[in-house]
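Each reported figure results from applying straightforward, stated rules to the coordinates on display, with no laboratory input. This structure is a prediction, so every number in the text was calculated from the model and none was measured. Backbone-built Cβ (ideal geometry, glycine too); neighbour counts: all protein chains shown.
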Amino acid sequence: MSDRISARDRQQEVGALSRDSLDAGDLARAIAAGTEWLGANKEFVNSLNVFPVPDGDTGTNMHLTLLSAVREVEKVGGGTLSEVADAAAMGSLMGARGNSGVIFSQLFRGFAKGVEGKTHLRAQDLAQALQSAAAMAYKAVMKPVEGTMLTVAREAARSATQGARAGLDLLALADKVLEDARKALERTPEMLPTLKEAGVVDAGGQGLVFFWEGAVKALRGEVTVGRQEPLLQVARGTGSGQAARQPEATVKESLRFRYCTEFLLKGRSLPLDRIRQDLADAGDCLLVVGTSDVAKVHVHTNHPGRVLEYCLRLGDLHEVQINNMADQHEEFEALNPAGRATAGQRNSTSPENRENRASAPVSLEARPRPEAAEKPVGIVAVAVGEGLATILRSLGADVVVEGGQTMNPSIEELANAARQVSAKNVIILPNNSNVILTADRVREFVDKTISVVPTKTIPQGVAALVAFNAASDVAANERAMNEALGRVSTGEVTYAVRSSSVNGFTIDQNDIIGIKDGEICAAGKDRDEVAMSLASQMVTEESSLLTIYYGQDVRSPEAQALAERLSDIYPHCEVEVHYGGQPLYYYIMSVE
Amino acid sequence: MGRIAIVTDSTADLPPHLYSEYGITVVPLLVHFGDEVYRDGVDLSSEGFYAKLTSSKVLPRTSQPSPHDFQVVYEDLVSRSDGVVSIHLSSKLSGTYQSAVIAAGMLKGAPVRVIDGRLASAATGLLVLEAARMARAGAGIDDIVARVEDLIRRMRVFFTVDTLEYLEKNGRIGKATAFLGTLLSIRPLLWIDDGEVAPYEKVRGSRQKILARLVAVAKEQAPAGKKLRAAVIHAVSPDEASVLKDAVEGDFACEEILIATVGPVIGSHTGPGTIAIAFHPID
């Protein structure tokens, strides 16, 4: 008994090293520090790809997802712990890239649900929140696979629950969770044979561990970065001059629409769907989330005034923020919409106000939607490489989102692309297995019917587009496009980023490898020989067409020469050569 | 006397012996190679045309018959028959129908009925043949017109071209513009939908592949359990046409199947390598 008292006394003396609970500021700092630490280690996470192909970008994906969470937390500028968690959940969801990013966003979403309404977290609360996080992530994945970051998240949650039952304080609990998460990570190769064969631990799990390491350091007060240059300014209100740190330049902003406009709309029975519809043409990055009593509206627009005026008819505006994204330093200033409107009436000669008066509220509310120009079905495709993008567009893709092998697009990027398409039904072609999950979530953010045809490669995307018929309805097209996937075989020629042993091939770093429908089936030192070997495993007697898309590191005559050799060997096949311009992959081949 | 006379234009692409056999009057369109002008099917045969097409430096243009050309024909026929049924190339593809309508309007009160076939080539030809057979059997003008209108709705025409270039350059590509500009080589499977060229499907691969697909699509679209009348129409690829004919005969319950050549006017707009299947159920 006396021991315990003295222990508590000791803890109180050392201050930051002992915690009964954490508050909103702690949580925000922990998320920021975890993000920072993962960012510092993202290249290592990238290298943990099962295939030694140079497109491992799990670390980058997770980091970008987290940066978006951090930015959203910065934007809410404090608030309760529950609000910070909500902001992180929303930010990570909007910025989610790749499967690991999507799963991370679901962890945040579950965490936020677990801390709903709370201002402080004690050890028991943290354990509960981590359980809720893991449960949400499992629910989001249709076929959960053990030996992935899901396992790490679940083991962390289990560890936290044990720790809380054992009466550990917050910091001891966090340490235990970290230790058990590391152990779970180390066991991932035992659960997933592909990891074992490649001799790596799961990349997503490693990313999660890095994040947790950074977060725990912040809780202990060990992160020095945060003190020297605050990553976050967690302050109440929307005071001016709140110079938040600009997230890394990798977060791209479209400046077609200049003003990032954000506010809370409070009213009674707010028609969220209608608001989304009516504001759809006001700009991009539109987000209307919330309940029928309070909604958060976020939009990038060139006419924030019109958006505000429109919403004023539906309720009261709060925490209005309009940010000119052209400014280097993100400066938020609260704007009084009423004042702006009054000024507009007085000074009706200024061109800006004339424009406002002429078309503002009407254009948002009663503008006839361009039904006539709308197509029944539009297509968004994902590709990297200007040649491939042009080819996909020429086959009928309305918007090609840059991404795929080296950079997975976020839900937000895909959602924006889907909004751009003038069709109520949009089919998304992910063209990469790591983009399918992201694409599947787009429908939550876009007021259109979204279908995903799960194309895993560019040749599958091409086959799907060839099967597309603009005159048919979505269901018929989905069916035809899905059927088309089975009729094409994909080959890829790239190089190994590290030595490894896969499928019985011993591969040295920088060796050329050939991948057929996701399986390494050729390896060697010579690019053309590997391509020839790969082709020999793809072409059958029934094949009638072999298409080669050559990458940015291959010259046209080299690709032509390869095509001629293939054409000589397979006279029954037509051989076509096209410039794909894709990075990292010398050749992408399709046989049908 | 006591019979209905049948008129069409040279784009109906029926084998010439059928025109003489059924006493069908054919008004020729004109084909221009630079300054040279030919009357379709009169001064210029299909064989002669494709030989010229590959050797000529200029692309051929075509022009519709003048109203006067039709007027002369109608006046003559009206004087020695009970009425005239004049069946033509789709008004969305040619001004021929327009000329015929103007001519008919100049013959005040004469029983001349002009029909916009909303089809092309031997698909129009199949309409003309049916009309001529009814006329020979003594059918009245209203019955013939009603039957032809009915067949127009039930006729299906699927075809492919080697290149969309000809359709595009001549402004006849219609909704198949959707197939233009594809950077990958695709073979277009087209059809005639409501009187104009429309895209049906894109096919990647060999010529054999699209020919097989052409037959498969025709089979999918043919009404089940009905006897058909059909035509295989080719632009100087008789071997492919006979392969296609065999496939169609094997797959369909065909009462009659014609092999026809894409004539100079249609050929100017579709180019060599064009091949089509047209069919309609008999009842």
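Brief remarks follow.
- Three-way shape call for the range A:499-555 based on the alpha-carbon gyration tensor, with the a/c threshold at 1.5: oblate
- Sorted from longest to shortest, the spans of the Cα atoms of the range A:375-485 along the three principal axes equal 34, 28, 20 Å.
- Folded to 0 to 90 degrees: helix B:207-221 orientation relative to chain B principal axis, Cα: 50 degrees
- Charge sum, other residues only, whose C-beta stays under 12 Å from A:Ala164's C-beta, Lys/Arg counted +1 and Asp/Glu -1: +2
- Over the protein assembly as shown, equivalent-ellipsoid semi-axes from the Cα gyration tensor in Å: 67, 35, 21
- Between the residues A:Ser82, A:Leu192, A:Ala153, the greatest Cα displacement towards the positive end of the dipole of the range A:10-228, with unit charges on the Cβ of Lys, Arg, Asp and Glu, is found for A:Ser82.
- Prolate/oblate/rounded call for the range A:512-592, Cα gyration tensor, a/c under 1.5 rounded: oblate
- The protein assembly as shown - share of DSSP beta bridges that are antiparallel (%, nearest 5): 65 percent
- Estimated dipole of the range B:156-281 in Debye, rounded to 20 [Cβ of Lys and Arg +1, of Asp and Glu -1, Cα centre]: 240 debye
- Cα-based shape type of chain B, given that a ≥ b ≥ c are square roots of the gyration tensor eigenvalues and the cut on a/c is 1.5: oblate
- Kirkwood-Stokes translational diffusion coefficient of the range A:10-228, alpha-carbon pairs, 37 °C, 0.692 mPa s, µm²/s: 193 µm²/s
- Applying a DSSP loop filter and a limit of 14 other Cβ atoms within 10 Å to the trypsin sites (Lys or Arg not before Pro) in the range A:514-584 leaves A:Lys525, A:Arg555.
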